[in-house]
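The values are calculated or read from the model by the stated rules, or taken from the named source; none is laboratory data. Model, not experiment: these values are computed from the prediction. With ideal geometry, Cβ positions are generated from the backbone for all residues, glycine too; neighbour counts draw on all protein chains shown. When the accessible area is computed, the model is the full protein with side chains, heavy atoms only, and any ligands, DNA or RNA have been set aside. Shrake-Rupley method; radii C 1.70, N 1.55, O 1.52, S 1.80 Å.
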There are 2 protein chains.
Amino acid sequence: MSDVLHRKPASSPRPACASAPPGGWRGDLPPPAGTTEPLVRDEDDGGVLDLVELFFFAYRDFVGDADRLLETYGFGRAHHRVLHFVDRRPGLSIAALLDILRITKQSLNRVLKQLLDAGLVEARAGAHDRRQRLLYLTPRGEALARELATLQSERFRRVLGDMPPPARDAAADFLFAMIDADQRARVHDHLARARVRDGLTDDAP
Amino acid sequence: MSDVLHRKPASSPRPACASAPPGGWRGDLPPPAGTTEPLVRDEDDGGVLDLVELFFFAYRDFVGDADRLLETYGFGRAHHRVLHFVDRRPGLSIAALLDILRITKQSLNRVLKQLLDAGLVEARAGAHDRRQRLLYLTPRGEALARELATLQSERFRRVLGDMPPPARDAAADFLFAMIDADQRARVHDHLARARVRDGLTDDAP
DNA sequence: CGCTATATGTCAGCTATATTGACATATTTC
DNA sequence: GAAATATGTCAATATAGCTGACATATAGCG
């Protein structure tokens, strides 16, 4: 069985103590008898619920790093997402960004306006279609975007021990499979475009 | 290299078409030249950024199922979290719940009051310490909690192909490692308490 | 017995992020 | 020239979080 699920918390740098957690969630263990439910769960949620919770905790800490940094700049998660995706795909149109973020243009606009005003993002009219406003990061926007990206990348690097391809692939496959089946093509397409941007393509003829 | 990252999106049930995505994020590819940045990223973010984004998309879809169901009940994510953790650890105290959720008591109280009023959660005074209000789900609360849990569990089951222990362990280890090092002991402790509740302990005497 | 600490509730006001609906403008396309 | 598209904007609303201040009940201690 999984280490995570059974060994005493001896995983990270001196996890203090198993019976009395460090900063410690309070203990209030024994249900005072007379609960309305059975002692053992009927069907499903054997140990899978552990995964559900681990995903919750992992994501929270994953975004926590960036949140803290953003606070010092007076920005929030919404700004982070815009910076991130514009950094990944410079020249992204508003419509494309809306499609990625799945928010309304009104929501995006508030945040985007702040980033434009702060001089972190720049919008240029599209060359072919002048109705479009294509988004780019300014050097300062890039600096922040990369500072944020580094925080999050480093967590992955730590976890996957500096990325031996098989480990990285396993994680990527797992996360990709967690995405809604009908969204995977879109995500795949997005990643491909980001890779083109990075000059890392090898599909090219 | 990873399937996810290189094969044409032929992963899920008929992903439509690679060059023109199904519901399709818009395409606006070639940066109109004259960008301020280099063509290839300096140091870090090789392919790790893909993982960062996959984590983002995966989490969004992961909570999306539950969000949709909750909407039909007029509840939100905050209610979900309370239902979930009370279901996992019946008899949880307010303080313990606050420690897990990492929100203020004021934030919790608004949501909790609604759940109490709706008759999904019940609070009983602690037997030993009568100041405490220990939380339990009513049968109706349990029903909703499990409906939600099932949605999320099923996603994991689908992904990890009905949970052969090694796959489940790998996922659990990966997610656990993504958690802040100084939080792992607490999470571990929480999982242990949940497991005790489920009568699945084998650490016993 | 009182004093203090703890567990919890509550009022009031603020912020960030999202929503809907309606309407305005510029540009492309047919 | 009309219709469709890409975008911006105003206004109202909801959710989920926050801070600060203050109230109450119970526990624990000397």
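Any idea what the A:Gly161 label distances to the other copies are, label 7 Å down the Cα→Cβ vector, nm, shortest first?
2.3
Report the residue of chain A with the smallest Cβ-to-axis distance, using the rotation axis that brings A onto B, in whole Å.
That would be A:Tyr59, 2, residue then distance in Å.
State, in square angstrom and to the nearest 100, the accessible area buried between chains B and A, both chains counted, probe radius 1.4 Å.
In total, this chain pair buries about 11800 Å².
Let me check something: with ligands and nucleic acids excluded, how do A:Asp65, A:Asp162 order by accessible area (1.4 Å probe), largest to smallest? If you can, show how the numbers build up before the last one.
On the way: A:Asp65 30, A:Asp162 115 Å².
Of A:Asp65, A:Asp162, the descending order of accessible area is A:Asp162, A:Asp65.
Accessible area of region B:50-161 with a 1.4 Å probe: how many percent of it is carbon plus sulfur?
51
Might you report the magnitude of the Cβ-based charge dipole of region B:50-161 about its Cα centre, with Lys and Arg at +1 and Asp and Glu at -1, to the nearest 20 debye?
I would put it at about 480 debye.
Could you tell me the largest-minus-smallest coordinate of the C-alpha atoms of region B:50-161 on each of the three principal axes, in descending order and whole angstroms?
50, 27, 26
Given label points at 7 Å from Cα along Cα→Cβ, what nm distances, shortest first, separate A:Thr72 from the same residue in every other copy?
A:Thr72 label point versus its equivalents elsewhere: 4.6 nm.
Compute the relative contact order of region B:115-202 as a whole-number percentage, counting only Cα pairs closer than 8 Å that sit 6 or more residues apart in sequence. Intermediate values should be presented prior to the final figure.
Details: 42 pairs, mean separation 12.4, N = 88.
So the answer I get is 14 percent.
For A:Arg133, place a label point 7 Å from Cα along the Cα-to-Cβ direction in every copy; what are the distances to the other copies, in nm, shortest first?
4.7
Simple spin-label model, 7 Å along Cα-to-Cβ: A:Tyr73 to B:Ala167 in nm?
For A:Tyr73 paired with B:Ala167, the spin-label model returns 3.9 nm.
Scan around A:Val121 for amide H atoms under 5 Å from its own, H built in the peptide plane at 1.01 Å from N, and keep only partners 5 or more places away or cross-chain.
Amide H to amide H, under 5 Å and 5 or more residues apart or across chains, A:Val121 pairs with A:Leu116, A:Thr138.
Could you give the distance between the Cα centres of region A:44-120 and region B:118-151, to the whole Å?
Between the Cα centre of region A:44-120 and that of region B:118-151, the gap is 33 Å.
Taking each residue of A:163-171 in turn, how many C-beta atoms of other protein chains fall within 10 Å of its C-beta, and what is the average?
Rounded to a whole number, the mean comes out at 5.
Taking Cα atoms of region B:130-200, Rg/Rh with Kirkwood Rh, to two decimals?
My calculation of the ratio gives 1.04.
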